[in-house]
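Report on the structure given below.
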Amino acid sequence: MNGHLRSSPESPRTDLLSPAPTDRVEAAPIYEGEVEIDKTVVVCGAGGFIGGHLVADLLRQGYDQVRAVDIKPPNQWFQKFPQADNRSLDLREKENCYAALEGADQVYNLAADMGGMGFIENNKALCMLSVRINTHLLMAARDMDIGRYFYSSSACVYNQELQSTADVEPLSEEDAYPALAEDGYGWEKLFSERMCRHFREDFGLTTRVARYHNVYGPFGTYDGGREKAPAALTRKAIEAKLSGDEEIVIWGDGTQTRSFMYADDCVKGTQKIMHSDITEPINLGSDELVTINGLVDVIEKAVEVDLDREYDLTKPQGVDGRNSDNTKILQELGWEPPTALRDGMEVTAEWIEEQIRRHAEEETTSRFAVAY
């Protein structure tokens with residue numbers, strides 16, 4: 001399957017996790033490994049997209065000490081759970097990292113100032129400054145004798161010269177060197193990977209690193225400038241359908257290729273890697289390669305709309321092709337992200353449309369109240 005475009009299975013999955021309510025936990029856990037519920041687990045970046053899903057799953061498993069940390073106030077988090085110890089801390093500051101990790105056994109570092117291609121192309125310095133988060137958290141983890149430390153890296157660490165064609169060869173872990181990472185964001189991730197390695201080698205800190213490949217799903221950013229391609233294109237498709245002006249603007253010519261991983265698979269894989277013996281950075285992504293036009297095809301079916309496509313070649317497009325080589329994760333874990341793009345996008349599109357319709361209703365109600 002690696003390196004080739006493929007279609008999703010004909011029969012949809014029925015076991016995808018429905019978005020959990022933001023004030024309680026009911027669904028079955030995604031990760032079914034051995035659980036040490038007496039451990040204190042800290043999730044950094046818990047107010048973000050992936051972090052919120054991870055906190056939800058840890059609580060479903062029965063962890064009774066889950067500390068959720070994010071720079072945003074909790075009322076701005078994508079998901080917030082009263083069962084967790086929710087804290088608003090700027091982890092770029094050293095003292096806040098020590099406060100966040102006090103008494104912790106395990107740490108998941110998902111915190112970063114980042115977004116989709118439109119954001120990282122125009123905010124390289126901000127992305128680079130996230131290096132302070134991982135550096136200070138590693139120092140705190142070392143000094144506080146943390147048991148395990150997970151760092152969420154990115155496929156943006158890979159050598160860009162290997163991603164100059166849409167018919168891309170899947171990227172294996174060794175392809176990060178010789179280094180030519182995505183400017184700004186990718187270099188910060190690659191440097192932080194090295195920091196994890198050297199804290200493991202020099203100080204004996206147990207570190208685990210996964211390179212995420214394009215995560216999507218419900219409870220994430222879909223507007224405002226930080227959204228990634230699946231959410232951005234889904235929002236555009238829904239807005240086109242609701243307005244009756246069924247046109248969509250695609251950044252680039254639509255031939256760029258990517259693979260996209262559903263949030264549930266990311267959360268499950270993250271925990272598998274955290275509790276594994278894998279010491280080197282490893283890919284965590286789907287190997288279902290699709291063009292951006294193919295992604296729009298999937299979104300059209302999920303949203304139930306037929307769109308007229310326009311292409312804007314002046315917008316940030318990223319590399320021409322990127323796909324995950326899952327050889328190593330299959331060898332190490334006997335597992336790879338299983339969710340087909342079509343199935344994950346159905347859940348994602350449903351959630352985004354609910355948000356758009358709800359916001360439209362609230363705006364209408366607000367205008368009506370002001371008028372009368």
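The values are calculated or read from the model by the stated rules, or taken from the named source; none is laboratory data. It should be emphasised that the depicted structure is a prediction, and the values quoted were computed from it without experimental measurement. No Cβ is skipped: glycine too gets one built from the backbone with ideal geometry, and neighbour counts run over all protein chains shown. All accessible areas refer to the heavy atoms of the entire protein, side chains included, with ligands and DNA or RNA removed. Shrake-Rupley method; radii C 1.70, N 1.55, O 1.52, S 1.80 Å.
Structure values in brief
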read-out: Gain on full stretching of the segment that runs from Asp143 to His198 - 0.36 nm per residue minus C-alpha separation; value: 18.3 nm
read-out: Segment 237-372 - share of DSSP beta bridges that are antiparallel (%, nearest 5); value: 25 percent
read-out: Choice from Ala112, Ala125, Ala100 with maximal GNM fluctuation in the chain (Cα, 10 Å cutoff); value: Ala125
read-out: Net charge of neighbours whose Cβ lies under 12 Å from the Cβ of Arg194, counting Lys and Arg as +1 and Asp and Glu as -1; value: -2
read-out: Gain upon complete extension [Glu174, Ile37; 0.36 nm per residue less C-alpha separation]; value: 45.8 nm
read-out: Percent accessible area from carbon and sulfur atoms, segment 143-212, protein chains only, probe 1.4 Å; value: 48 percent
read-out: Model label zone, Gln65; criterion: amide N under 14 Å from point 7 Å along Cα-to-beta-carbon; scope segment 108-143; value: none
read-out: Simple Cβ-charge dipole of the chain, Lys/Arg +1 and Asp/Glu -1, about Cα centre, in debye nearest 20; value: 880 debye
read-out: Accessible surface of Met114 - all protein chains present, 1.4 Å probe, nearest 10 Å²; value: 60 Å²
read-out: Anisotropy class of segment 300-344 from Cα gyration tensor, a/c 1.5 cut; value: oblate
read-out: Other-chain or far-sequence residues with amide H under 5 Å of Val215's (modelled H); value: Met261
read-out: Mean Cα-pair separation over length for the chain, i.e. relative contact order, pairs under 8 Å, 6 or more apart, %; value: 19 percent
read-out: Rounded accessible area of Lys328 (nearest 10 Å², 1.4 Å probe); value: 50 Å²
read-out: Selection from Ile120, Leu171, Val298 lying farthest towards where the dipole of the chain points positive, charges on Cβ; value: Ile120
read-out: Candidate lysines - alpha carbon under 28 Å from Lys124, same-chain residues fewer than 8 apart omitted; value: Lys72, Lys94, Lys189, Lys228, Lys236, Lys315
read-out: Helix-only mean residue ellipticity at 222 nm for the chain, each DSSP H run of n ≥ 4 adding -39500 (n - 2.57), per residue, nearest 500; value: -12000 deg cm²/dmol
read-out: Solvent-accessible ranking of Leu333, Leu233, largest area first, probe 1.4 Å; value: Leu333, Leu233
read-out: DSSP bridge orientation in the chain - percent antiparallel, rounded to nearest 5; value: 5 percent
read-out: Charge dipole (the chain, unit charges on Cβ, about Cα centre) - positive-most of Ser153, Leu313, Tyr108; value: Tyr108
read-out: Heavy atoms of Tyr216 accessible to a 1.4 Å probe, total area in Å² rounded to 10; value: 10 Å²
read-out: Where the Cα pairs of the chain fall when distances are cut into 20 Å bins, in %; value: 29, 60, 11, 0
